[in-house]
């Protein structure tokens, strides 16, 4: 057991590890409780002004950290607890039920969900209507299309696991079935649309004139280009029969209520899952400009579709939105605030860089490294926190994701400076990767990372040049493996700088 864990064990302090709740007992053993019920309980209390200190996850900072500042050099449990606090603040089990609308008096509740939290949102919807309200089961139906590995058991709402970030056949079928179900909605029905990050890839319905393979090719090119998510979704919306307000067009006879967990900077409703039920402010001309900006190699069929005015997305003022309402139920800012609270309780001064950061991962890491090095030089004890969604322009042949690339650049720039540790991870539990449930969420770095770099002769800059952060952190043992979290509010980055 590490010195930090031993010190925690002496106090009976708990923290989170992998997909478990884990308690370090006083005898040095671990107690694990698998599942997500702890998230529900934790998040509900957070919403009521909950303090981690009061729950025992981290005891009062002046008790725990005053005694451990000298002996506890392992900041990994704290970094992980900060990340878990951010996730818990946006979990569907915590945030959804208070926003669910009253069911119709006679009609159906048709639930259509998309994204990495779709299945969890569907299950929470079933508990609310069927268990809490006693709604007739035969009047509830729907489809939840989520990423592979993110499914959970449901009763009335069918779960489809589909590809992400590159769409697959399952997503194609899930989107088609969702469009058909929306089109069946009548006056008196409630069309309940539940969105979370990843919905753009999960709902794939190519517009007429573009094949599924061509849509996949465009998606791959956009992902490799380094384009921010807003630009990626601008192109997606103009090559789709479900995005850009078109789902609302399919179900316009019903009342439409959309509840969304935001995964985009500045919480733009038209960007979350590419805005299937809201007006789209972007245009075909915008999409063509993005293709040109990144010099994307697209098929002639795609170019023709983007030049045809009849393929324009639904715009403000369109009658299809007359009975449509949109509401955000969780934002990246809320999750970053939860992370900030825990870091402050742990005795750190806070540098909050905001929840909407964008940019090239290695460039942002360079800026944040300067903040950390300056704080260390000035003998300050600070936590530097940020959210948002960074990008990677892929030039090498390696594997990774924006958070791993950020952490790799940070490790290279910190140059073994003592007293600095960091975590960078995607709140959905998967940072880039091959689209599987076992992909890493991100990475953690600290003094042990630097020691292993030296002992293994690893050149961080060489791995960075090849965009091969996953291989680097696999070698150092610093990949953060959480499994699916069943939500997505972008990335959380935390740098802890301890005083000398």
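The values are calculated or read from the model by the stated rules, or taken from the named source; none is laboratory data. Worth saying up front: this structure is predicted, and the values here are computed from it rather than measured. Note that we place each Cβ from the backbone using ideal geometry, even for glycine, and neighbour counts take in every protein chain shown.
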Restricting the stretch 445-483 to residues that are assigned to a loop (DSSP other than H, G, I, E, B) and touching a helix residue (DSSP H, G or I) at 6+ places or on another chain (Cβ under 9 Å), which is nearest to residue 199 (Cα to Cα)?
482
Pair list, Cβ under 6 Å, 6 or more apart: the stretch 152-180 residue assigned to a helix (DSSP H, G or I), other residue at pLDDT below 95 and surrounded by fewer than 18 Cβ atoms within 10 Å (Cβ to Cβ):
172/212
Determine the pairs where a residue that is assigned by TED's automatic domain parsing to the domain that holds residue 379 and without any contact (Cβ under 8 Å) to a residue 40 or more places away in the chain, located within the stretch 399-418, has a partner that is buried (at least 19 other Cβ atoms within 10 Å of the Cβ) and not in a loop (DSSP other than H, G, I, E, B) with Cβ atoms under 7 Å apart, the partner being 6 or more residues away or on another chain.
416/450
Filter the stretch 255-273 down to residues that are in contact (Cβ under 8 Å) with a residue 60 or more places away in the chain, surrounded by fewer than 24 Cβ atoms within 10 Å (Cβ to Cβ) and either closer than 18 Å to residue 204 by Cα or in contact with a strand residue (DSSP E or B) (Cβ under 7 Å, 6 or more places away or on another chain) (or both), then give me how many there are.
4
Say we look at the stretch 364-390 and pick out the residues that are free of Cβ contacts under 8 Å to residues at least 12 places away in the same chain and outside any loop (DSSP other than H, G, I, E, B); which of these is nearest to residue 432 (Cα to Cα)?
367
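When the stretch 82-119 is examined, which residues are found to be within 19 Å of residue 160 (Cβ to Cβ) and within 14 Å of the chain's Cα centre (by Cα)?
Residues satisfying the conditions are 92, 114, 115, 116, 117, 118.
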Give the number of residues within the stretch 95-140 that are in contact with a helix residue (DSSP H, G or I) (Cβ under 7 Å, 6 or more places away or on another chain) and within 19 Å of residue 186 (Cα to Cα).
10
Residue tally, condition more than 17 Å from residue 335 (Cβ to Cβ), surrounded by fewer than 23 Cβ atoms within 10 Å (Cβ to Cβ) and in contact with a strand residue (DSSP E or B) (Cβ under 6 Å, 6 or more places away or on another chain), over the stretch 81-112
3
